[in-house]
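> For reference, the structure I am asking about is given below.
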Amino acid sequence: MSYKVRSLRVDEWPLAKALRLEALRDPVAPIAFMETHESAAARPDSFWRERAERGAEGASGAQQIIAEGPDGEWVGTVTVLMEEAGTTDWAGMPVERLQGHLVGVYVQPGHRGIGLTEVLFDAGLEWAWSRGAERVRLLVHEDNARALRAYRKAGFTETGVTTTLGPDPGERELELAVERPGPESDR
């Protein structure tokens, strides 16, 4: 695979903004992301610069990882948020141990199905493990079959925890997680 996977650099915020806006136009965006294209596009550049600063190379609380295609175009991304034990996460769920939380997963349609999601996840997991995370988790809408397949293929399993995040209390988000590998693992 001739893709380069790496952490975002602070000065790349315009590219991160463009990729996020593209992701929010995806047909599954209404159940995959917690914001609309319209609300994100209306945010000032200062928001995007600050977001990049919080998740750029060298940051400790979050890391945005991007995938560059063979021509240098950004074709995928994932962000890892570190969550401290004893706190509450962005969704209002209690955090019981140090963990990473994958959010903002997106791969362009023309680059799906080739293992790029797994490569992005591997980079995110390695970053979280290097910060002492005991597990890495994510939330996915129960009707997002494409994402569920990709996450399961990458080794995430359902924990049994569910929550509702959107306006419809009948729609559920499923928690999937990967536990930190033991010392015998080659990961």
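The values are calculated or read from the model by the stated rules, or taken from the named source; none is laboratory data. All figures in this text were calculated on a predicted structure; none of them were measured in a lab. Methodologically, a virtual Cβ is constructed for each residue, glycine included, from the backbone with ideal geometry; neighbour enumeration extends over all protein chains shown. Side chains are part of the model used for accessible areas, which takes the heavy atoms of the whole protein and leaves out ligands, DNA and RNA. Shrake-Rupley method; radii C 1.70, N 1.55, O 1.52, S 1.80 Å.
> Looking at (1) more than 23 Å from His111 (Cα to Cα); (2) open to solvent by 40 Å² or more (accessible area, probe 1.4 Å); (3) not in a loop (DSSP other than H, G, I, E, B), find the lone condition where Trp13 falls short.
(1)
> Among the strands (runs of 3 or more DSSP E) lying completely within segment 128-187, list those that include at least 1 residues that are under 14 Å from the mean Cα position of the chain (by Cα) and among the basic types (Lys, Arg).
Per the criteria, 135-141.
> Can you name every residue in segment 81-126 that is under 11 Å from the mean Cα position of the chain (by Cα) and at positive phi?
Gly104
> May I pose another question? Going residue by residue through segment 36-55, is there one that turns out to be open to solvent by less than 40 Å² (accessible area, probe 1.4 Å), free of Cβ contacts under 8 Å to residues at least 12 places away in the same chain and of a type outside the set (A, V, I, L, M, F, W, C)?
Restricting attention to segment 36-55, the residues satisfying the condition of being open to solvent by less than 40 Å² (accessible area, probe 1.4 Å) are 37, 40, 48, 52, 55.
Retained after the next criterion (residues that are free of Cβ contacts under 8 Å to residues at least 12 places away in the same chain): none.
Looking through segment 36-55, none of the residues is open to solvent by less than 40 Å² (accessible area, probe 1.4 Å), free of Cβ contacts under 8 Å to residues at least 12 places away in the same chain and of a type outside the set (A, V, I, L, M, F, W, C).
> List every residue pair whose Cβ atoms lie under 9 Å apart, where the two residues are 6 or more positions apart in sequence or sit on different chains, the first residue falls within segment 127-141 and is on the phi > 0 side of the Ramachandran plot, and the second residue, located anywhere, is in a strand (DSSP E or B) and open to solvent by 20 Å² or more (accessible area, probe 1.4 Å).
Gly132/Met82
> Please work out if Ala41 is at pLDDT 95 or above and farther than 20 Å from Arg112 by Cβ.
Details: at pLDDT 95 or above: yes; farther than 20 Å from Arg112 by Cβ: yes.
Yes; evaluated as a whole, the condition is true for this residue.
> Within segment 83-122, work out how many residues are over 24 Å from Val28 (Cα atoms), of a type in the set (A, V, I, L, M, F, W, C) and either assigned to a helix (DSSP H, G or I) or open to solvent by less than 20 Å² (accessible area, probe 1.4 Å) (or both).
1
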